[in-house]
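Asker: Got a structure here, written out as structure tokens. Questions coming.
The values are calculated or read from the model by the stated rules, or taken from the named source; none is laboratory data. These numbers were taken from a predicted model, which means no experiment stands behind them. Every residue, glycine among them, receives a Cβ derived from its backbone with ideal geometry; neighbour counts consider all protein chains shown. To get the accessible areas, we keep the full protein, side chains included, count just its heavy atoms, and leave off ligands, DNA and RNA. Shrake-Rupley method; radii C 1.70, N 1.55, O 1.52, S 1.80 Å.
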Amino acid sequence: MKKDSVIIYAAQYQALRSLSNEEMGRLFHEIFRWLKDEQTGQDELSPALLLAFQFMTLQISIDNKKYLQKKGRVLEWKKRYAEKSATEINNSSRTRVNVNDNEHENGNEDGNDNENVDENEDVSFSLSINSQSENIDACEDEEQKKEEKDERAIKNFVEYWNNAIEQTGSAMRKVKLMTEARREKLLKIVHTIPAEDSARAIHRAMNSPFCNGATKRRSRPVDFDWLIEYQNFIRLLENSL
């Protein structure tokens with residue numbers, strides 16, 4: 001399923017600026033046909049246009065996948081908090097019924113007083129439900145924002161690590177899989193260490209003979225899991241390895 005809207009990045013122009021106006025028009029014509037799930041004329045495109053078409057549609061597919069994942073997380077959060085809200089309301093209702101039963105058992109001399117108390121309780125209970133719903137919505141938004149911020153921080157950390165290895169030619173390995181154990185370790189780092197300090201530590205690792213396994217103490221490069229152990233990362237940051 002594709003979105004009705006797509007994002008065109010300004011940076012993509014660098015890869016497309018050599019195309020003529022006619023080629024640029026043909027490219028976007030084919031992209032729109034692809035978006036509408038219509039038959040495209042890819043077989044008739046020149047090698048340069050075909051490459052540009054694949055470049056653009058790949059990025060659109062990646063963006064669409066991220067959109068669906070985010071949408072799925074939002075729906076899951078809404079479902080979870082709706083279930084939580086229903087449970088809390090049900091528990092509150094049971095408590096109210098028990099209180100009313102006790103009051104009726106004890107008796108009351110003035111029947112009109114009972115009616116007034118019940119009416120006030122209904123209003124109070126209704127306001128309580130509305131207040132709970134608003135609080136749950138606020139918590140949902142806050143939790144969702146926090147989760148998205150954490151995911152971005154982890155993604156940026158890993159991308160920075162992989163790019164640093166590629167640029168420096170370090171003997172250490174790139175990260176290809178994010179496990180839950182790695183995620184928990186990285187969360188502790190991104191929550192307590194500023195991003196610029198983490199970047200400094202990563203570059204220090206790239207240029208460290210110890211981390212690259214080029215010392216008498218260590219003949220093999222350290223791996224990512226060892227490095228993101230909190231105490232090891234702190235030592236790296238403080239240049240005390």
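Asker: With a 1.4 Å probe and all protein chains kept in place, how do Asp43, Asp150, Asp37 rank by accessible area, largest first? If you can, show how the numbers build up before the last one.
Answerer: On the way: Asp43 155, Asp150 15, Asp37 120 Å².
Descending order: Asp43, Asp37, Asp150.
Asker: Work out the P(r) tail for segment 154-215: percent of alpha carbon pairs separated by more than 20 Å, whole number.
Answerer: 27
Asker: Any chance you could look up the accessible area of Leu177 with a 1.4 Å probe, heavy atoms only, rounded to 10 Å²?
Answerer: The value for Leu177 is about 120 Å².
Asker: Using the reciprocal of the averaged 1/r over all distinct C-alpha pairs, how large is the Kirkwood radius of segment 18-87 in Å?
Answerer: Details: mean 1/r = 0.0684 Å⁻¹.
After inverting the mean inverse Cα-Cα distance, the result is 14.6 Å.
Asker: Whole number in Å², please: accessible area per residue of segment 136-222, 1.4 Å probe, ligands, DNA and RNA not counted.
Answerer: Details: 5610 Å² over 87 residues.
Computed with neighbouring chains in place, this is 65 Å² per residue.
Asker: Can you work out the FRET efficiency for the pair Ala181 and Lys146, with r the C-beta to C-beta distance and R0 = 22 Å, to the nearest 0.05? All intermediate terms of the calculation are to be shown ahead of the outcome.
Answerer: Working: r = 20 Å, r/R0 = 0.93.
Result of the calculation: an efficiency of 0.60.
Asker: Rounded to the nearest 20 Debye, what is the dipole magnitude of segment 138-222 about its Cα centre when Lys and Arg each give +1 and Asp and Glu each give -1 at the C-beta? Show your work: numbers first, answer last.
Answerer: Numbers: 18 positive and 14 negative charges, 199 e Å.
Value, rounded to 20: 960 debye.
Asker: Kindly flag which residue pairs out of Lys36/Lys70; Lys65/Lys185; Lys79/Lys146; Lys66/Lys185; Lys70/Lys155 have an alpha-carbon separation exceeding 20 Å in this structure.
Answerer: Details: Lys36/Lys70 23 Å; Lys65/Lys185 26 Å; Lys79/Lys146 18 Å; Lys66/Lys185 24 Å; Lys70/Lys155 15 Å.
Beyond 20 Å: Lys36/Lys70; Lys65/Lys185; Lys66/Lys185.
Asker: In segment 139-241, carbon and sulfur make up what percent of the accessible area (probe 1.4 Å)?
Answerer: Details: 3040 of 6480 Å².
Solvent-exposed carbon and sulfur of segment 139-241 make up 47 percent of the total.
Asker: For a Förster distance of 30 Å, can you work out the FRET efficiency between the beta-carbons of Asn232 and Thr87, rounded to the nearest 0.05?
Answerer: Values: r = 43 Å, r/R0 = 1.42.
Between Asn232 and Thr87 the formula returns 0.10.
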